[in-house]
1. Please give me the summed charge of the neighbours of Glu65: other residues whose Cβ is under 11 Å from its Cβ, Lys and Arg +1, Asp and Glu -1.
2. How compact and how long is the chain, expressed as Rg and Dmax of its alpha-carbon atoms in Å?
3. Where the only charges are on Cβ atoms (+1 Lys, Arg; -1 Asp, Glu), what is the dipole of the chain about its Cα centre, to the nearest 20 debye?
4. Determine ³J(HN,Hα), in whole Hz, for all residues of segment 38-44 in sequence, where each value follows from phi through the Karplus function 6.51 cos²θ - 1.76 cosθ + 1.60 and θ = phi - 60°; x replaces Gly and Pro.
5. So if I take the centroid of the Cα atoms in segment 18-32 and the same for segment 73-93, what is the distance between those two points in Å?
6. Long-range amide H contacts for His83: which residues qualify at under 5 Å (H placed 1.01 Å from N, peptide plane, sequence gap of 5 or more or a different chain)?
7. Which of the listed residues, Leu13, Ala31, Asn97, is farthest toward the dipole's positive end in the chain, when Lys, Arg count +1 and Asp, Glu count -1 at the beta-carbon?
8. Quick one: net charge around Val21, please, counting Lys, Arg +1 and Asp, Glu -1 for every other residue with C-beta under 15 Å from its C-beta.
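Just so it is clear, none of the values below were taken in a lab; they were calculated from the coordinates. From a predicted model like this one, the values you see are computed outputs, not experimental measurements. Virtual Cβ from ideal backbone geometry, glycine too; neighbours counted across all protein chains shown.
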Amino acid sequence: MVKTVDIKNVEWLPHPNAKCVKTYLKPLLTAADDLNLRTALMKVEPGGMIPPHTHETLEFFYFLEGEGIMIKGDLEEKTAPGHAVNIPLGVTHGLRNETKHDLIFISCFAPGDKK
């Protein structure tokens with residue numbers, strides 16, 4: 001199935017995980033569209049966070065705006081626009097926004113049918 005999404009017409013939704021603070025998403029490709037890939041435009045507002053967690057999928061981040069702190073296992077790294085981060089299956093990861101500006105990025109999961 002070929003799908004085109006005009007992101008201006010997609011509303012920000014609260015992150016489905018209640019442990020995520022000040023975190024929102026605009027679904028771009030869901031498991032209903034394709035079981036192989038799930039993508040979303042993500043926003044972590046100032047003071048927001050995605051707490052450390054793991055998945056049974058690969059996750060990929062591409063940062064568009066703002067800066068954050070990416071947690072990868074025991075490491076913490078600063079993120080900035082243009083940074084890409086690959087999180088292999090089962091690796092603990094999370095994200096914090098300690099700035100005064102929104103952190104905007106694209107998140108992709110493969111396969112897309114698992115959470």
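1. Here the count lands on -1.
2. Taking only Cα atoms of the chain, I get Rg and Dmax of 13.4, 39 Å.
3. In total the dipole reaches around 180 debye.
4. Running phi through 6.51 cos²θ - 1.76 cosθ + 1.60 with θ = phi - 60° gives 10, 9, 8, 7, 10, 9, 10 Hz.
5. 18
6. Phe63
7. In the chain, that residue is Leu13.
8. Local net charge: +1.
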